[in-house]
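Take a look at the structure set out below.
The values are calculated or read from the model by the stated rules, or taken from the named source; none is laboratory data. If you're wondering where the values come from, they're calculated on a predicted model, not measured in any experiment. Every residue, glycine among them, receives a Cβ derived from its backbone with ideal geometry; neighbour counts consider all protein chains shown. Heavy atoms of the whole protein, side chains included, go into the accessibility calculation; ligands, DNA and RNA do not. Shrake-Rupley method; radii C 1.70, N 1.55, O 1.52, S 1.80 Å.
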Amino acid sequence: MAGETTTSAADRTFGVTTGTALRCRGWRQEGLLRLLENVLAVGEAPERLVVYAALGKAARDWPSHDRIVETLKTMKEGETLLVQSGKPIGLLATHPRAPLVIMANCNLVGQWARAEVFYELERRNLICWGGLTAGDWQYIGSQGVIQGTYEIFARIAERHFGGDLAGRFVLTAGLGGMGGAQPLAGRMANAAILCVEVDEARIARRLETGYLEVRARDLDDALALVRAAQAERRPCSVGLPGNAADVYPAILARGVFPDVVTDQTSAHDLLYGYVPSGCSVEEARALRTADPQRLMAAGRQSIVAHVRAMLGFMRAGAVVFDNGNLIRTQAKQGGVDDAFDIPIFSEAFLRPLFCRGIGPFRWVALSGDPADIAHIDDLVLERFPANRVAADWIRKARAQVPFQGLPARIAWLGHGERTELGLAVNEMVRQRRLAAPVAFTRDHLDAGAMAHPNIMTERMRDGSDAVADWPLINAMVNCASMADLVAIHSGGGGYAGYMTSAGVTLVADGSAAADGRLRLSLTNDTATGVMRYADAGYEEALDEARRKGVRHFRL
Ligand code: NAD
């Protein structure tokens, strides 16, 4: 399959260029090129162009990748590169205020947006899935999702455990690109967190990067480590080799009840992601081509056992939630009728923040110099002391979150705050207080940028869960607002037909033109988010619109 065998990656190395020397005609192009290099450098399987989420790719294939690189190196201001599902399709003459790159990745017409159609098109190399942040070169490793994961744990602590997870047992699975953030986020929230992972190599990688503390020998060892940490109210993260579809039921059968349970295996993709019980990672890989139907049927059966155990924990009083991997949907299709009794994290814990346009904003030091991030950390603390979510996070993150690839930081900033920070950083670049320009971007899972009825927009107050106009409007608004890169993505693999989202990137190169781009794009991006929730009738969004002068029409 195309996801397996792209043309040769032999002799390629996956580093990032740092420093101040330009290979392109300007920092806007150079910034985007460094971001493309970065998603591969911190990605899960760069030799296959796979960045994260089992099959989220940076480019369609190596010839596409190489042509994108060559184009970024040679294109001028006033030109716009078009990318269709990871393949560069041409260069247009536009104008210096237009985006440099416009992308549409993995968008299928409604009735065709199904996993089997996607796999067939992928096999014929006509499409590829960009994940959310892989295909548009915004991924920054596990650190990109870590504040989201931490915020969920923090909200659970507030709502259910008197504000602290100290002495609490969190059970989860999946230590991949995104799931790898869980052990560190759990530890930062003071919990004792157990992460089940079927692939030893992923456990080793998280240990190496400092995201995970210890690897348990077996379940007895794992539970003993967790119990000891709980007794001492000591934060701790334990990785356990094993299959979640076996380990969750085994823990339940022992009558051990965690306080919080979730999962971040790649359950959304039965072909490239989820490994069925009784199968090694290598066996699952071999079955992908030898007998894909058998692999997918076995995966679904395992997910049924996995989710039944999650429901068992929930009935016993644990706080259980779906962490955005479609596991409930897969289980329901396998016959677990009550799978959706498990709530989704976004509705349960994050929607009040999204209503105010607060979401996973991030910035990347294109210099490669960690001191640039430290200066911006100081700036955030100085400018937004009243934003407790961001200020607490920055203090914790600078002490505990290791950088991966280009130094980067994520902070959940809201409407107006992002613009203020972007302009202040651009001023620092202009005054040479930073070593080089800085790129600003955000996750697609942001207020105005995603329609995903089983994750982001589940149970919207007005029933508008499946309306995908919002991310499309968001992307067009970002083009109209002069962003440097704008992308529209839809789901691939098991996510086919489940979602549409938009991504945006800006390069603060210290120029007056960048001031204009940052002012318009960062402001209008979150404004569409506030409008989306105000339109659905959320009081917090209506209040935010009133307070911040977002001109939303109430009809
Ligand atoms: P990934 O493919 O990099 O990692 C998935 C991990 O799960 C792998 O390490 C794999 O070995 C492991 N795994 C697979 N089957 C298993 C099983 N049965 N038992 C134990 N481990 C198993 O994916 P990722 O980037 O970490 O993303 C994980 C999931 O989270 C995806 O479905 C992704 O779409 C979703 N996601 C959610 C959010 C969010 O905001 N909540 C963000 C990004 C991704």
- prompt: In the range 137-155, is there at least one residue being more than 14 Å from the ligand (Cβ to nearest atom) and buried (at least 20 other Cβ atoms within 10 Å of the Cβ)?
  reply: yes
- prompt: Is it the case that the range 58-72 has a residue that's within 20 Å of the chain's Cα centre (by Cα) and of a type outside the set (D, E, K, R)?
  reply: yes
Failed condition for Val256, given (1) more than 16 Å from the ligand (Cβ to nearest atom); (2) not in a loop (DSSP other than H, G, I, E, B): (2)
- request: Only residues in the range 37-66 that are farther than 16 Å from Thr133 by Cβ and near the ligand (Cβ under 8 Å from one of its atoms) count as the first member; pair them with residues that are modelled with pLDDT of 95 or more and of a type in the set (Ser, Thr, Tyr), Cβ under 6 angstrom, at least 6 apart or cross-chain, and list the lot.
  value: none
- request: May I ask you to verify whether Ala267 is touching a residue at least 24 places away in the same chain (Cβ under 8 Å), within 14 Å of the ligand (Cβ to nearest atom), outside any loop (DSSP other than H, G, I, E, B) and within 24 Å of Val170 (Cβ to Cβ)?
  value: no
query: Filter the range 463-503 for residues that are at positive phi and not in a helix (DSSP H, G or I); which is surrounded by the most Cβ atoms within 10 Å (Cβ to Cβ)?
result: Met482
Arg28, sole failed condition from (1) touching a residue at least 40 places away in the same chain (Cβ under 8 Å); (2) in a loop (DSSP other than H, G, I, E, B): (2)
query: Do we have Ala316 as at pLDDT 95 or above, open to solvent by less than 10 Å² (accessible area, probe 1.4 Å) and aliphatic (A, V, I, L, M) here?
result: no
Failed criterion for Arg217 (all others in (1) in a loop (DSSP other than H, G, I, E, B); (2) crowded, with 22+ Cβ neighbours inside 10 Å hold): (2)
- request: Could you tell me whether the range 295-308 includes any residue that is free of Cβ contacts under 8 Å to residues at least 12 places away in the same chain, in a helix (DSSP H, G or I) and either over 19 Å from Cys195 (Cβ atoms) or within 10 Å of the ligand (Cβ to nearest atom) (or both)?
  value: yes
- request: Test Ala134 against the stated conditions and say whether it is open to solvent by 10 Å² or more (accessible area, probe 1.4 Å) and small (Gly, Ala, Ser).
  value: no
task: Within the range 16-39, track down each residue that is in contact with a strand residue (DSSP E or B) (Cβ under 7 Å, 6 or more places away or on another chain) and hydrophobic (A, V, I, L, M, F, W, C).
output: Trp27, Leu32, Leu35, Val39
statement: Condition set open to solvent by less than 10 Å² (accessible area, probe 1.4 Å) and not in a loop (DSSP other than H, G, I, E, B), scope the range 87-121, selection farthest from Ala514 (Cα to Cα): answer is Phe118
statement: In the range 444-470, residues that are within 16 Å of the ligand (Cβ to nearest atom), of a type in the set (A, V, I, L, M, F, W, C) and over 13 Å from Ile488 (Cα atoms) total 3
Qualifying residues in the range 319-328 (those that are in contact with a Phe, Trp or Tyr (Cβ under 7 Å, 6 or more places away or on another chain) and open to solvent by less than 10 Å² (accessible area, probe 1.4 Å)) - the one nearest to the ligand (Cβ to nearest atom): Leu326
message: Residues that are touching an Asp or Glu at 6+ places or on another chain (Cβ under 7 Å) and surrounded by 23 or more Cβ atoms within 10 Å (Cβ to Cβ): does the range 241-259 have at least one?
response: yes
- line: Counting only helices (runs of 4 or more DSSP H) wholly inside the range 122-209, the ones holding at least 1 residues that are within 23 Å of Pro276 (Cα to Cα) and in contact with a strand residue (DSSP E or B) (Cβ under 9 Å, 6 or more places away or on another chain) are 182-188, 200-208
- prompt: Within the range 413-427, is even one residue without any contact (Cβ under 8 Å) to a residue 40 or more places away in the chain, over 18 Å from Ala449 (Cα atoms) and aliphatic (A, V, I, L, M)?
  reply: no
statement: (1) surrounded by 22 or more Cβ atoms within 10 Å (Cβ to Cβ); (2) closer than 22 Å to Gln143 by Cα; (3) within 16 Å of the ligand (Cβ to nearest atom) all hold for Ile342 apart from (2)
field: Which listed residue is among the hydroxyl-bearing types (Ser, Thr, Tyr), in a loop (DSSP other than H, G, I, E, B) and touching a residue at least 12 places away in the same chain (Cβ under 8 Å), from Tyr248, Tyr274
entry: Tyr274
field: Out of Ala390, Ala386, sole residue that is of a type in the set (Gly, Ala, Ser) and touching a Phe, Trp or Tyr at 6+ places or on another chain (Cβ under 9 Å)
entry: Ala390
